[in-house]
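Asks: The following block contains the structure, expressed as C-alpha cells.
Nothing in this text is a laboratory measurement; each read-out follows from the coordinates by a stated rule. This one's a predicted model, so the numbers in the text were calculated from it and none came from an experiment. Here the Cβ positions follow ideal geometry from the backbone for every residue, glycine too, while neighbour counts run over all protein chains shown.
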C-alpha cells in the first residue's frame, strides 16, 4: 500500500501530464471553457466562444456586433474573473476579440 502523501488528485495528475507535454495552455483553455457559463453568465456565454489561449492571450469570438462591443467593454473584468476562478496566478494577461 502507498502512503497518503503519494496520492495526487486526478486533476493534479492531468495538469502535470499536460505540463510535461507542453500542453499547459491547452489544459487551461479547457478549464476556462468548463467554467465559461459561470464566468460570463449563461445567455452571454452561449454567444461568445473562447477559441485559443496563446502566450497568456485569450482569444474570443462572437458573431454578434453588440456582443463584440460588450466584450471590449468587459475585457478587464473577464480577465480578472478568469484569473481568479482558475487560481493559478495570471493565466490570462490580455483578451483579444475576433
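Asks: Multiply the residue gap between residue 54 and residue 20 by 0.36 nm, knock off their C-alpha separation, and tell me the result in nm, one decimal place.
Replies: 10.5 nm
Asks: Moving to a separate point now. How would the chain be classified by its alpha-carbon gyration tensor: rounded, prolate or oblate, with rounded meaning a/c under 1.5 and the a/b versus b/c comparison settling the rest?
Replies: Cα axes put the chain in the prolate bin.
Asks: Another question, if that's okay. Subtract the Cα-Cα distance of residue 34 and residue 66 from 0.36 nm times their separation in residues, and report this length gain in nm to one decimal.
Replies: Gain on extension, residue 34 to residue 66, equals 9.1 nm.
Asks: Continuing with the same structure: Per residue of the chain, what 222 nm ellipticity follows from adding -39500 (n - 2.57) for every DSSP H run with n ≥ 4, rounded to the nearest 500?
Replies: -17000 deg cm²/dmol
Asks: Still on this structure, I have one more. Order 64-71, 19-26 from most to least packed using the mean count of other Cβ atoms within 10 Å.
Replies: Ranked by mean Cβ neighbours within 10 Å, highest first: 64-71, 19-26.
Asks: Considering only DSSP beta bridges whose two residues both sit in the chain, what percent are antiparallel, to the nearest 5?
Replies: 60
Asks: Also, I was wondering about something else. Please state the relative contact order of the chain as a whole percent: Cα pairs under 8 Å, 6+ residues apart?
Replies: Reported as a whole number, the value is 24 percent.
Asks: Give me the distance in nm between label points sitting 7 Å out from Cα along the Cα-to-Cβ direction at residue 46 and residue 80, one decimal.
Replies: Simple spin-label model gives 2.8 nm for this pair.
Asks: Highest GNM mean-square fluctuation, the chain, Cα pairs closer than 10 Å: which of 28, 78, 51?
Replies: 51
Asks: Where is the GNM fluctuation largest for the chain (alpha-carbon springs, 10 angstrom cutoff): 48, 14, 81?
Replies: 14
Asks: Among 63, 47, 12, whose mean-square fluctuation peaks in a Gaussian network model of the chain (Cα, cutoff 10 Å)?
Replies: 12
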